[in-house]
Amino acid sequence: MGWEEVQVRGYPEFVRTAQSYHGRAIFALFCGDKDAEGRSWCPDCVTAEPIVRKELHNLPDESVFIYCLVGDRAYWKDPNNEFRKNLKLTGVPTLLKYGTPQKLVEEECFKGELVRMLFTED
Amino acid sequence: MLRGLGARLARHGSCALTGIIAHLRLLPPPRTAPGAGLLCAGAALSRGKPKSAIINCKNRCAKYCPSYIPLPSSWAVSIPFFHVVFTGKNEYDLLVIGGGSGGLACAKEAAQFGRKVAVLDYVEPSPQGTAWGLGGTCVNVGCIPKKLMHQAALLGSSLKDAQHYGWSISQPVHHTWSVMAQSVQNYVKSLNWGHRVQLQEKKVKYFNIKGSFSDPHTVRGLTKAGKEVSCYNIVIATGGRPKYPVHVAGALEYGITSDDLFWLKESPGKTLIVGASYVSLECAGFLTGIGLDTTVMMRSIPLRGFDQQMASLVTEHMESYGTKFLKRCFPTKVEKLKSNRLQVTWKNADLGTEETDSFNTVMWAVGRAPDTKTLNLEAAGVKTNSETGKIIVDASEATSVPHIYAIGDITEGRPELTPTAIAAGKLLAQRLFSQSSELMDYDNVPTTVFTPLEYGCVGLSEEAAVQRHGSDNIEVYHAYYKPLEFTVAERDATQCYIKMVCLREREQRILGLHFIGPNAGEVIQGFALGIKCGATYPQMMKTVGIHPTCAEEVTKLHITKRSGLDATVTGC
């Protein structure tokens, strides 16, 4: 069975979802909320998303890809938001392998080879 | 002619002689080539030209051009100001074997100059099965985890001191190994990942395979596929691994080394560390600091190679701190008991007796050996020191084989330190690919032993200064001081000591500085610059100290050993 994608919004939903997939490799892409037209307030996220999606076919079997919208710009800017406090995120977009120190932050997400490396290497 | 040549090259990407797809690169003329610009007189495109001209050109290219790959099919064409060399496909400008401090620094520096670089890194699991990621010894099983665990231990002492400063902390404080280990191990893993990302971003090709020489310019990856990489310039930077004692039964099966200690998930418990190196003392130091029953077994002197007066002060402090020492003892066997504890038997050389005790963990810190076993250096013709097994290099890090270099712990006669490996690697890349001729300066390299009371030093030990200049020609200034922070905390400062060895004559140049005290590494780093610049005793005395610090005591040294006066610093 290949990989599967789940889309979530906000910290509590993210945590619940990640916990429900405990035992499987979990990759997560965190982006700013999208408006009614589907555009994110975060320009870097707009750039990164198609690049990340292009590499999704490299995800290992049985793994889970969680696409997580973190919230609106004001929520994100708050230095005490749960993503910053608990997941130690420093910026969006962030692409990470849950439970490991492996992550790509902001412009690092623009590089297809780095995304591929995150998905395929131990 | 140029336009025609360009057109011909553009049309036919392949070598006219053999049809092998060629990789064309334009390179600036090498510095040492005779006559700037035009390099090979009479050389030309091979077709229809005399073989001798081609061979002459090849020979000169091989001598002067760092990127020249001596393949039978390669041929050179000279164009004014550029030297065009065809090489076979899949070639690299630089192959680095070993992805540690030296190897990665060299590879990344070479990549900065637009060169094609590949790094091979592979960690052979320890006998106990421990392995780790990219970054080498320092990142994974050396400096980094060591300093973090040393810090963990120091914090324990701070917690004890805190009461005196008004904090209510319930005593005794308790330490949980697994919490510390997980934090440290996670940090190390983030460094492994950081290095992976860096290599990728700098376009350095990375192979997680063990390399072995098939000939001086071919390295075979020891995988099922057995992929071969040919390269003209090769840097060996495979470092070292801990040694196991040879004549101690049970050493291999039951003992661990520093390779394993930092990756233990559970506390090592009551530990015996065999060895007198800084690895032994630093590990014993932090294990004691986090509350474990720790014993160090030493056959003879501590910290061989370091100033011995300072080494004694270090071990004295460790003893008062709680580490047990078995001096002049050496182990004879290690057995496993039914309780799973390890029974160690040893001989006491002074008393002529045999003793035993049981421990949860036995760690060997009896030296490190160069990692050359699977390199197959004989196939490359690289010479090693018959006693140490380390690779012999000259001042430019070149081995006995032209265009094979070696840096870091694997090299004979060099300090086994991360900063020297990094600097040597960078300078080597600059010499190879960037018209530099700067050699690595191994003089006055500062270093620090991170025992519970740290010892930092730069320059000569007192013994080395005496040997080099004669005791009549040197002056040793010294002082016993007390860090201000120790006073209120009622901490014993008996071993807090500074010693400065100077020449007696003329400007009284400082030959060596030795400091035992908190943050010794931070203290000595700044003074290392002074020593590098040839600082003198009068200049040091003119340097105003920062108050209140421990470091200021260096600028106030005035009692000489020769005077026999009491060297204890009195109040300000």
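Note that segment B:430-445 has calculated 3J(HN,Hα) couplings of 5, 5, 6, 10, 9, 6, 9, 10, 6, 9, 6, 9, 9, 7, 6, 7 Hz, one per residue in order, obtained from phi through the Karplus relation 6.51 cos²θ - 1.76 cosθ + 1.60 (θ = phi - 60°); glycine and proline are x.
Quick one: Debye curve from the C-alpha atoms of the protein assembly as shown, no solvent, what's log10 I(q)/I(0) at q = 0.05, 0.08, 0.12 Å⁻¹? Listed by q, the Debye log ratios stand at -0.32, -0.81, -1.37. Calculated FRET efficiency, B:Val569 to B:His164, Cβ-Cβ distance, R0 = 22 Å: about 0.50 to the nearest 0.05.
Got a sec? How would B:His547, B:His514, B:His175, B:His164 order by Cβ neighbour count within 10 Å, fewest to most? Working shown, then result.
On the way: B:His547 8, B:His514 27, B:His175 17, B:His164 12.
If I rank by nearby Cβ atoms, fewest first, I get B:His547, B:His164, B:His175, B:His514.
Based only on Cα atoms, what mean projected area does the convex hull of segment B:453-556 have, in nm²?
Numbers: hull surface 25.5 nm².
Average projection, Cα convex hull of segment B:453-556: 6.4 nm².
Mean per-residue shielding of peptide B:189-195 is 3, counting Cβ atoms of other chains within 10 Å of each Cβ. Database remark: amide H of B:Thr332 closer than 5 angstrom to the amide H of B:Thr345, B:Trp346, B:Lys347 (H placed geometrically; neighbours at sequence offset of 5 or more, or on other chains; Pro and chain starts carry no H).
Taking R0 as 25 Å, what's the FRET efficiency between B:Val246 and B:Ala131 from their Cβ-Cβ distance, rounded to 0.05? Before the final figure, lay out the partial values.
Values: r = 24 Å, r/R0 = 0.95.
About 0.60, to the nearest 0.05.
A cut-off under 13 angstrom between Cβ atoms defines the neighbours of B:Leu439, and their net charge, with Lys, Arg +1 and Asp, Glu -1, is -2. What is the distance in Å between the Cα centroid of segment B:452-530 and that of segment B:233-282? Between the Cα centres of segment B:452-530 and segment B:233-282 lies a distance of 30 Å. Each residue of segment B:251-366 gets 102 Å³ once the volume of the Cα convex hull is shared out per residue. Take every pair of alpha-carbon atoms less than 8 Å apart whose residues are at least six positions apart; their mean separation over the length of segment B:251-366 yields a relative contact order of 34 percent. What the Cα atoms of segment B:282-341 give is an Rg and a Dmax of 13.4, 43 Å. In loop segments of segment A:1-64 as defined by DSSP, the GluC sites (Glu not before Pro) with at most 10 further C-beta atoms inside 10 Å of their C-beta are A:Glu37. As a length-normalised measure over Cα pairs under 8 Å and 6 or more apart, the relative contact order of chain A settles at 35 percent.
Taking other C-beta atoms within 10 angstrom as a stand-in for reagent exposure, B:Val544, B:Val393 fall in the order B:Val544, B:Val393, fewest first.
A Stokes-Einstein calculation at 25 °C with viscosity 0.890 mPa s, built on the Kirkwood radius of segment B:115-273 over Cα pairs, returns a diffusion coefficient of 130 µm²/s. Computed from backbone phi with θ = phi - 60° and the Karplus coefficients 6.51, -1.76 and 1.60, the 3J(HN,Hα) list for segment A:91-104 is x, 10, x, 10, 10, 9, 9, 4, x, 10, x, 7, 7, 10 Hz; x is used for glycine and proline.
The label-point distance for B:Thr494 and B:Leu337, in a model that sets each label 7 Å from Cα toward Cβ, rounds to 3.1 nm.
Just to confirm the filter: which trypsin sites (Lys or Arg not before Pro) across segment B:485-526 are DSSP coil and have at most 10 other Cβ within 10 angstrom of their Cβ?
Details: sites: B:Arg491, B:Lys499, B:Arg504, B:Arg506, B:Arg509; in loops: B:Arg491, B:Arg504, B:Arg506.
When the trypsin sites (Lys or Arg not before Pro) of segment B:485-526 are filtered for loop state and at most 10 Cβ neighbours within 10 Å, B:Arg506 remain.
Pairs from the list B:Lys146/B:Lys327; B:Lys265/B:Lys324; B:Lys116/B:Lys227 with a Cα-Cα gap above 20 Å: B:Lys146/B:Lys327; B:Lys265/B:Lys324.
Charges only on Cβ, +1 for Lys and Arg, -1 for Asp and Glu: so what's the dipole of the protein assembly as shown about the Cα centre, in debye to the nearest 20? Write out the running numbers ahead of the final one.
Details: 76 positive and 68 negative charges, 530 e Å.
The calculated dipole for the protein assembly as shown is roughly 2540 debye.
Would you please calculate the Kirkwood hydrodynamic radius of segment B:473-522 over all C-alpha pairs and express it in Å, rounded to one decimal? Kindly include the intermediate steps, with their values, before the conclusion.
Details: mean 1/r = 0.0816 Å⁻¹.
Computed over segment B:473-522, the radius equals 12.3 Å.
Panel note: the C-alpha atoms of chain A, placed on their principal axes, show extents of 38, 28, 27 Å (largest first). Residue by residue, segment B:412-427 carries 3J(HN,Hα) couplings of 6, x, 10, x, 8, 9, 5, x, 6, 5, 4, 5, 4, x, 5, 5 Hz when phi is fed to the Karplus relation 6.51 cos²θ - 1.76 cosθ + 1.60 (θ = phi - 60°); x denotes Gly or Pro. Exposure proxy ranking for B:Phe527, B:Phe515, based on other Cβ atoms within 10 angstrom of each Cβ and starting from the fewest, stands as B:Phe527, B:Phe515.
Coordinate-derived values only; no laboratory data. Bear in mind that the values here come from a model prediction, so they are computed numbers and not experimental data. Here the Cβ is made from the backbone with ideal geometry for all residues, glycine too, and neighbour counts use every protein chain on show.
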